[in-house]
1. In segment 193-225, how many residues are touching a helix residue (DSSP H, G or I) at 6+ places or on another chain (Cβ under 7 Å), closer than 25 Å to VAL41 by Cα and without any contact (Cβ under 8 Å) to a residue 40 or more places away in the chain?
2. Return the residue satisfying two criteria in turn: it lies in segment 38-69 and is under 19 Å from LEU163 (Cβ atoms) and polar (S, T, N, Q), and of such residues it is surrounded by the fewest Cβ atoms within 10 Å (Cβ to Cβ).
3. Within segment 126-133, is even one residue assigned by TED's automatic domain parsing to the domain that holds THR78, surrounded by fewer than 18 Cβ atoms within 10 Å (Cβ to Cβ) and aliphatic (A, V, I, L, M)?
4. Just one of ILE196, ILE149 is in the same structural domain as MET95 (by TED's automatic domain parsing) and of a type in the set (A, V, I, L, M, F, W, C); which is it?
5. Go through THR79, THR68 for me and flag whichever is within 21 Å of ASP126 (Cβ to Cβ) and out of contact with any Cys (no Cβ under 6 Å at 6 or more places or on another chain).
6. Condition first: buried (at least 16 other Cβ atoms within 10 Å of the Cβ), over 14 Å from the mean Cα position of the chain (by Cα) and aliphatic (A, V, I, L, M). Now tell me which residues in segment 78-91 satisfy that.
7. Considering every residue within segment 67-76, establish whether at least one is charged (D, E, K, R), in a strand (DSSP E or B) and either touching a Ser or Thr at 6+ places or on another chain (Cβ under 6 Å) or more than 22 Å from ALA202 (Cβ to Cβ) (or both).
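The values are calculated or read from the model by the stated rules, or taken from the named source; none is laboratory data. As the structure is a computational prediction, the values presented were derived from the model and not from experiment. A quick note on method: Cβ atoms are made from the backbone with ideal geometry, for glycine too, and the neighbour counts reach across all protein chains shown.
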Amino acid sequence: MRANVPAYQLISPSSLGEALQVLSDEPGVWKPFAGGTDLMVLLEAGKLAHKQYLNIWNLDELRGIEVTDSHVILGALTTYTQVQANPVLQAEFPMLCQAASETGGLAIQNRGTVGGNITNASPAADSPPALLAYDAELELVSSADARWIPYHGFHTGYKQMLLRPEELLARVRLPRSTVPLHQHYRKVGTRKAQAISKICFAGTASMNNSTIDDVRIVFGSVAPVPRRCVKTEASLRGRTIDAGTIEVAKRSLANEIVPIDDVRSTRDYRVRVSLNLLVDFLSRISPHT
């Protein structure tokens, strides 16, 4: 059943300041609308409950990719196509580029945005695991102030986050690393293209000879939010990769993820594949394989 389009209201502010003032004047009344790749699906299905939207697609202040000596900073309206085309992201943040390339088809990649993928707050989203593995930070802005917060911890529950009703996500900041990183990203879906993930994995590791110096282990679709598995990371730091280390990490991971049965997959499948993805990652970074 399609939604009744005249029942909805969409306004288009001419600047970021104007948009933030609207949100400040009527907090919770207006919801941001950017690429619309998720919202339009709900509209078509007659399931878009909220009625009043703030079009931010044309706000230049939320666009662009800036490269500094220490960071790469993406405007929230950066599209998946723009992510893939950026040479610095290709060279230093390949997992984000891969996630962007595996999100929908070309039409979705031309409209879908990094900021939208974060604030839509789906645990199955493709880019959040990579962003979490890269220790991304988020800039949240309102008419009164702006604040940078770690992305880790931003999602507090299913479709819940540390974004106040009067705020917009403005930019995403990725720290550039001078330390060589092993990186691996894997999306498991029903098919190879245009599928919502059953499980999504992103991992980074720095090695000191044969010892794991630091590591990030992140999964999507195994919890109500994209899950950075900090206990599993702690179980790996300072250890060499051998059969004992792998078993310790597997036990930790099995206790840290909480997948469910749903229309895309089962809990048991998600647990089994998550453990296999962890083992595959550790095997790839082991100097003995």
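1. 0
2. Checking each candidate, the answer is GLN52.
3. There is no residue in segment 126-133 that is assigned by TED's automatic domain parsing to the domain that holds THR78, surrounded by fewer than 18 Cβ atoms within 10 Å (Cβ to Cβ) and aliphatic (A, V, I, L, M).
4. Details: ILE196 fails: in the same structural domain as MET95 (by TED's automatic domain parsing).
Testing whether each residue is in the same structural domain as MET95 (by TED's automatic domain parsing) and of a type in the set (A, V, I, L, M, F, W, C) leaves just ILE149.
5. THR79
6. LEU89
7. Within segment 67-76, not a single residue is charged (D, E, K, R), in a strand (DSSP E or B) and either touching a Ser or Thr at 6+ places or on another chain (Cβ under 6 Å) or more than 22 Å from ALA202 (Cβ to Cβ) (or both).
Okay, residues lined up against (1) at pLDDT below 95; (2) among the charged types (D, E, K, R):
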site	(1), (2)
VAL225	no, no
LYS250	no, yes
GLU256	no, yes
ASP262	yes, yes
SER265	yes, no
LEU277	no, no
ASP280	no, yes
ILE285	yes, no
THR289	yes, no
